[in-house]
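Bear in mind these aren't lab numbers, they're just calculated from the coordinates by the rules spelled out. A quick note: this is a predicted structure, and the numbers were derived from the prediction, not measured. Using ideal geometry, Cβ is built from the backbone for each residue, glycine included, and neighbour counts are taken over all protein chains shown.
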Amino acid sequence: MALRLGGLGTQVYTVALSSVQLSSADGSFHHVMRGAQQLGFIAIDSTVGGRARGGLRLVENVTEDELRAASRSMTLKYGFLGLPQGGAKAGILGDGEAPPEEKRRLLQEFARAAAPLLHEQRYVPDADLGTSATDVRWMMESIGARVGARDWRMTRSGEYTARSALATAIALRERRSATLAGCRVAIEGFGKVGAALGRMLHARGARVVAVSTSRGAIHQPAGLDVARLAQRAAEVGSRFIDDEPGRIERAALLELPVDLLFPCARFHSIHAGNASRVAATAVCAGANDPVSPEAEAVLFERAIPYPPDFVSNSGGVLGGTLEFAGVGFEQICGLVESRIQAKVLDLLARAERLGVPPRALAESEALERHAAVRARVEHPDLGQRLVSLGIACYRRRWIPEKVVAVLAPRYLARRVG
């Protein structure tokens, strides 16, 4: 199979157990098949050095449209942060809360089907909905792929994503000369990101009045016991919601009159059909693409601030990069929060001056930065060659982690800006 990857423009394949072949007219998607049965999809939106990276989710109803949009969001996220990665996303059709042996069976079948992409690192997976870094590492090892000692060891992606959503919320409140203390919050999707975010918001004095999972939602105007709910979610997953008081329809959570609405669940949960009923003062995304373009236009017309999702949930990528470099958890959290808060404040101020949606500025700038980073990597000068050599040596454990942990924050600070 001849496969050409480069620049922007989503790449797509059909992957069978023994072969990979282009399957769509525009060459923008990969269908992963087991015989005639579909296993899932891989979307590659952009490449840097012929490679792309992004989360591998395991959910029962993942769709092509969702992954196409998510792969573009990864391109934008890497561009926003100035990191040298192509944007991709993949999904396996299955239950992310299935028993471990069932999850591993699905992961291995998917990996075997997609082996040409995985072995050559044209697609590099990361943890996402329904998967962990441990899952991804095991999956790659199961097909004999190259796995370095420092690869896929991150366990706190949800925490870092939640931290950037928190930073965005702080910026939104600061724009109103307010703090998080006392503000009413609703969180759609009380999973790895949503539960971590709930704990952070509670610690800052916010009142979390509603949360949801795929099984429903609960609403308590006086505030929920976030710590207890987070513990139950960790123990039994989305089922914790089943026997909680204050049940409401899952979709109703999005229309509650709160100060901050955090969509941390799935693709386009806020859409043209319900955007006019969103009653939150501001919307802050923890998920990829939770607001459709049509809904985003409605929110802008209604003067409901919505920083783009690839900004507010970029902490997972930034935190993961710092963690790979050996930076400590507390330092990572401080760096993610301070950097993202400053970037969001600047973005919102410039967008207001120009009278345009924040995405109009952020997306254009992210794509420009991504193109510039790609050009540096693919046409390197001496400095870039030294950086690439240093990273390769670090992966092989030829450079001590302590050295990189000191240098990485300053290097990434220059990248992020």
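Would you mind classifying segment 235-332 by shape? Square roots of the alpha carbon gyration tensor eigenvalues, ordered a ≥ b ≥ c; an a/c under 1.5 is rounded, otherwise it is prolate if a/b is larger than b/c and oblate if not.
Since a/c reaches 1.5 but b/c is at least a/b, the shape of segment 235-332 is classed as oblate.
So, in Å, what gap is there between the alpha-carbon centers of segment 38-79 and segment 199-249?
One Cα centre to the other: 29 Å.
Cα convex hull of the chain: mean projected area in nm², to one decimal?
19.7
Zone of Ala279 (label point 7 Å along Cα→Cβ, backbone N under 20 Å): which residues in segment 184-224?
Only 184-189, 207-213, 216-224 pass the distance filter.
Please report the spacing between the Cα centers of segment 104-119 and segment 371-389 in Å, no decimals.
So the two Cα centres are separated by 31 Å.
To make sure I understand, if each residue's beta carbon is the centre and we count other beta carbons within 10 Å, what order do Thr213, Thr179, Thr161 fall in, fewest to most?
Ascending number of Cβ neighbours within 10 Å: Thr179, Thr213, Thr161.
How large, in Å, is segment 274-417 by the Kirkwood hydrodynamic radius built from its alpha-carbon pairs?
17.3
Under the rule of -39500 (n - 2.57) per DSSP H run of 4 or more residues, summed and divided by the residues of the chain, what mean residue ellipticity at 222 nm is obtained, to the nearest 500 deg cm²/dmol?
-14500 deg cm²/dmol
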